1. Can you work out which of the residues in region 58-71 that are in contact with a helix residue (DSSP H, G or I) (Cβ under 8 Å, 6 or more places away or on another chain) and in contact (Cβ under 8 Å) with a residue 24 or more places away in the chain is surrounded by the fewest Cβ atoms within 10 Å (Cβ to Cβ)?
2. Given the conditions (1) under 25 Å from residue 117 (Cβ atoms); (2) modelled with pLDDT under 90, and given that residue 170 satisfies all but one, which numbered condition is not satisfied?
3. Within region 72-122, work out how many residues are acidic (Asp, Glu) and either within 19 Å of residue 137 (Cβ to Cβ) or surrounded by 14 or more Cβ atoms within 10 Å (Cβ to Cβ) (or both).
4. Here are some conditions: (1) under 14 Å from residue 76 (Cβ atoms); (2) outside any loop (DSSP other than H, G, I, E, B). Residue 137 meets all but one. Which one does it not meet?
5. Of all residues in region 40-80, which are touching a Ser or Thr at 6+ places or on another chain (Cβ under 8 Å), β-branched (Val, Ile, Thr) and within 23 Å of residue 147 (Cα to Cα)?
6. Evaluate region 141-163: report whether one residue or more is within 13 Å of the chain's Cα centre (by Cα), part of a loop (DSSP other than H, G, I, E, B), surrounded by fewer than 16 Cβ atoms within 10 Å (Cβ to Cβ) and of a type outside the set (Gly, Ala, Ser).
Amino acid sequence: MRSGRFKSRTQSATIVSMAEDRKHAESRSDGNGALVRSIETRDSHEVTLLIEQLGYRRSHDEVAAWINGISASSTTQAAFVACLGDEVVGWIEVSIQSHLQSAPFALIGGLVVKDGLRGKGIGKKLCETAEVWACRRSVSVLRVTSRSTRADAHHFYENIGYEPTKISHVFEKSLLMQQPCCSPNSTALQTPKGLE
């Protein structure tokens, strides 16, 4: 049985591993009744609904496949859910980012708490769980990006100790299979050595 504690300014978060007995895990919830545990395939329906509340669309099958693809023993990516009883009321996804130009850091890829339950400490508890996960991987920085229009999210992160460090723009380019560079039979671009 594995669990860890992380002290923040006002409370501690408990991580409950997937291997822990569910009954024992439920007894380790905090004062508001929320339990944070590793994500499981059985959570996919409720997680899909929460993704929509975050403003994104993914099918139930896509979410279930993503959950099945993440290993409980992964050292570079994890996802956790917050539960009140048997209901999933929030989730957080965190990963280790390793780039040529900077030291590795942890990145919160997504965080959502169900409408009507925000402001009750559930998001903070999810963040504390991600912080423990990152610390256990010897990462000294946990970063989160937030859309410029999400003032409530900015306020939330600042209130739990995150500091704004820069303002950026995000650029994307669609690489659909219709484009010459992505077609398997394309001669438009030479494939660099090692990527064949």
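1. The extreme case among them is 68.
2. (1)
3. Kept after step one, since they are acidic (Asp, Glu), are these residues of region 72-122: 86-87, 93, 115.
From what is left, the residues that are either within 19 Å of residue 137 (Cβ to Cβ) or surrounded by 14 or more Cβ atoms within 10 Å (Cβ to Cβ) (or both) are 93.
Count: 1.
4. (2) is the only condition that residue 137 fails.
5. Once the filter is applied, which keeps residues that are touching a Ser or Thr at 6+ places or on another chain (Cβ under 8 Å), β-branched (Val, Ile, Thr) and within 23 Å of residue 147 (Cα to Cα), region 40-80 yields 48, 63.
6. Among the residues of region 141-163, at least one is within 13 Å of the chain's Cα centre (by Cα), part of a loop (DSSP other than H, G, I, E, B), surrounded by fewer than 16 Cβ atoms within 10 Å (Cβ to Cβ) and of a type outside the set (Gly, Ala, Ser), which makes the answer yes.
The rows are residues; the columns are (1) assigned to a loop (DSSP other than H, G, I, E, B); (2) farther than 26 Å from residue 131 by Cβ; (3) in contact with an Asp or Glu (Cβ under 8 Å, 6 or more places away or on another chain); (4) at pLDDT 95 or above.
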| residue | (1), (2), (3), (4) |
| --- | --- |
| 44 | no, no, no, yes |
| 51 | no, no, no, yes |
| 67 | no, no, yes, no |
| 71 | yes, no, no, no |
| 74 | yes, no, no, no |
| 78 | no, no, yes, yes |
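Yes/no matrix, rows are residues, columns are (1) within 25 Å of residue 161 (Cβ to Cβ); (2) modelled with pLDDT of 95 or more; (3) assigned to a strand (DSSP E or B); (4) among the aliphatic types (A, V, I, L, M):
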residue: 23; (1), (2), (3), (4): no, no, no, no
residue: 32; (1), (2), (3), (4): yes, no, no, no
residue: 36; (1), (2), (3), (4): yes, yes, yes, yes
residue: 83; (1), (2), (3), (4): yes, yes, yes, no
residue: 107; (1), (2), (3), (4): yes, yes, yes, yes
residue: 119; (1), (2), (3), (4): yes, no, no, no
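The values are calculated or read from the model by the stated rules, or taken from the named source; none is laboratory data. Here the structure is a predicted model, which is why all the values come from computation and not from measurement. Cβ: placed from backbone, ideal geometry, glycine included. Neighbour counts: every protein chain shown.
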